[in-house]
């Protein structure tokens, strides 16, 4: 690429990388270069080639063309796991902690003892583990079972493990996807600490704001190609989105705009009416009203109970006291069928876990809630299923080769669209969407939020349950929860710091790092 | 800045952390789970004592132990395989077919009631038998891991096929003329206790230690708990799973050696229907069917519980016609006990 021999060599440098899987080109003449101690962001839409690049950088996949160098030396041979690990560490999107094993054992998995036939000394192992955790300032009992840790703690365990191999370059693949705002803040603090110790990061995220918060350099990939690498400060929000999508982002900047046009509308009949709802250990005495034509945000951090409340509305939990009325009629029976019949559609929190049957087709997944409408006498007619699915695919702009394609073959954003399609298939009075844009790229995010808005425009109601400011910006009104109680309500024009403060349970608070939507005041 | 050098071993902070949790052992809560059947065994002991004075005699208890040996070896094999997240149904056929093939290869071609091939010297009977077990495990592993076939169905097919092979070779009859070397372990006594019990205890001890203190043993838990995570940690998932399947086959073949020696013959339906008992004993002993959880000690208590129940019932004069009913009932009861003693759901 550019002139060598001036600066210290990059901790990782890939040039001219090409990789194809069968007919699809995953990477085409792509490259990246990460300097020591740098925090480098890699962004791109789903399918841009980020995961393949991670696979190549970590030695799990071999590039067809191109070269890879670590600190100026050529990459180790494939299969030499130890050599790869001492150069590059990776914290994967999916947790790679094994729940039934202790923290100490997870940290030293497959190297608990110096040799394969040497017995493991458990006390020594736990001591080494607590030293390692202490070194990175992580306060976790090494004897605890990994299953009992919080998501955040598990992530720290993974980071500590990754660094314990001696690597000074670490890849974080969407580390914030499973964390709440507070957890993200703590994670970032820790990462900045590590950066001061000279660790370089390659940070992959769909949240552009996080890129501005944490990183100094950003590389954009699109359609298997390297598009641009630039200091974060030189690339404002719109330019970044443009680089990612290849289209001008002037009109609908992510999440900011889609709601602006509609000023009134919140005058329809109440479609969802919740009074004094209580579920022990989750939330207490919550009252809430959502009117036709309205999108209401239910904001709250992980432990706030907002997700549990949403799941209660959809019939997944039974509230201890209180009543729920949908479209003026009280929902007495609990259970998902009752909630569906009453007219509640749910987009669940975790699409892999609760949302999709990965091996089944798009059509089947999208029509899972409406199998009773697809044929007479309990039959499900394939022709009608397909027809229904085609309609949903068109309606939600799902990019799939066909209605019969298994859902697991789609990208994250399109999978999420299938989940939304399923929720909308029953034509519900109230759409309850939990973190509807979790882990999807910018364009899909806009689309999904726009589609939720359309539900309201069609005279229905939507409840968006999230701690994601971009999601909440698309709402007409926001109810904030903290520790199971409603603590604040905001109309339009709220300020980020007020909402974040409410979600964090602090009345007032100095301006947060997460700034406003324009993305102009990045500090760098 | 709390970086510590290797020389100053006892770091105060680390020591405090270690001292704060002295009773924790690898596996944490899993420890309770593996002990959850011990009270049940004690209760059975008390019941047995009340029911019959013959129960608490060394003859009776050794008899129970001896009868447990063959089943417990299958349980040992199945526990290892289940911990690694797989299943092997064909073990119950291996226990019969491996001895038959070994004996078939070594017995004289003429003279006896059963005509062998006389291809190999007689002393090779046991090694050949174990080798057959290993081959069965390896072939199952090939189908499951290389061709990526469904393990449950592959081993179900192997179960039927191997049973059929045994019947075909033995012409459906029991083989009674066994080489002396082959029957020795099954009926010899060392220090007043049947050799089979010693060997079994030794194998369980070796297996238990390997699972607790060896990297490759711990790897089974990692593979069963989350194979992807194990792979990213550098564990050779397929290779280790394959080895476990082979070890399972060898253990089942060895159980066949003990069983044949114990009864002095290889019956045509040796091991038939055992797989249900094997699964029951393993699961009530706390090994998870989903992999990644359980211990060999727990599995052993599972076998002992089942065998003690049968023994106590026999001593109590329960009509044998009720045995099957009670056997099934006790499995469910034991499952409930271990569910609540460990406090964990069993999915």
inquiry  = Please compute the contact order of the stretch A:101-148 in relative form: average sequence separation of alpha-carbon pairs under 8 Å and at least six residues apart, divided by the residue count, as a percent.
reply    = 55 percent
task = For a footprinting-style exposure proxy, rank A:445, A:454, B:146 by other Cβ within 10 Å, fewest first.
result = B:146, A:454, A:445
query = So what is the relative contact order of chain B, in percent, for Cα pairs below 8 Å that sit 6 or more residues apart?
reply = 32 percent
ask   = Rounded to the nearest 0.05, what FRET efficiency is calculated for residue A:82 and residue B:138 with R0 set to 25 Å and r the Cβ-Cβ distance?
value = 0.30
inquiry  = For a quick size check, give me the Cα extents of the stretch A:113-238 along its three principal axes, largest first, whole Å.
reply    = 56, 31, 28
remark   = Heads up, the stretch B:46-173 by the C-alpha gyration tensor (a ≥ b ≥ c square roots of eigenvalues; a/c under 1.5 rounded, else a/b over b/c prolate, else oblate) looks oblate
key: Sequence of B:295, A:229 once ranked by neighbouring C-beta atoms within 10 Å, starting from the fewest   = A:229, B:295
request  = With label points built 7 Å along Cα→Cβ from the Cα atoms of residue A:62 and residue A:278, find their separation and express it in nm.
outcome  = 6.5 nm
query = Mind checking which of B:324, B:307, B:67 has the largest fluctuation in a GNM of chain B, springs on alpha carbons under 10 Å?
reply = B:324
note = For the pair residue B:165 and residue A:316, the simple spin-label estimate (label points 7 Å beyond Cα toward Cβ) gives in nm 4.8 nm
Using alpha carbons only: equivalent-ellipsoid semi-axes of the stretch A:270-504, gyration tensor based, whole Å = 29, 20, 15
remark   = Taking a ≥ b ≥ c as the square roots of the Cα gyration tensor eigenvalues, with a/c under 1.5 meaning rounded and otherwise prolate when a/b beats b/c or oblate if not, the stretch A:367-454 comes out oblate
request  = Counting only C-alpha contacts under 8 Å and six or more residues apart, can you give the relative contact order of chain A as a whole percent?
outcome  = 15 percent
message = Suppose we keep just the DSSP beta bridges with both residues in the protein assembly as shown; what percent of those would be antiparallel, to 5?
response = 55 percent
Translational diffusion of the protein assembly as shown, µm² s⁻¹ [Kirkwood Rh, Cα pairs; Stokes-Einstein; 25 °C; 0.890 mPa s] = 79 µm²/s
task = Once you have the Cα-Cα distance between residue A:24 and residue A:150, take 0.36 nm times their residue separation minus that, and quote the gain in nm to one decimal.
result = 41.5 nm
The stretch B:30-341: C-alpha gyration tensor shape, a/c 1.5 cut-off, then a/b vs b/c = oblate
ask   = In nm, to one decimal, how far is the modelled label at residue B:335 from the one at residue B:57, with both set 7 Å along Cα→Cβ?
value = 3.7 nm
remark   = Final fewest-first order of A:92, A:377, A:221, B:184 on the 10 Å Cβ neighbour count is A:377, B:184, A:92, A:221
key: Förster-model FRET efficiency, 56 Å R0, residue A:94 and residue B:122, C-beta, rounded to 0.05   = 0.50
query = Using alpha carbons only, how many degrees (0 to 90, rounded to 10) separate the axis of helix B:125-141 from the longest principal axis of chain B?
reply = 60 degrees
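Rule-based calculations on the coordinates, nothing more; no lab input. Note that the structure is predicted; figures quoted are calculated from it, not measured. Every residue, glycine as well, gets a Cβ built from its backbone with ideal geometry; the counts of neighbours run over all protein chains shown.
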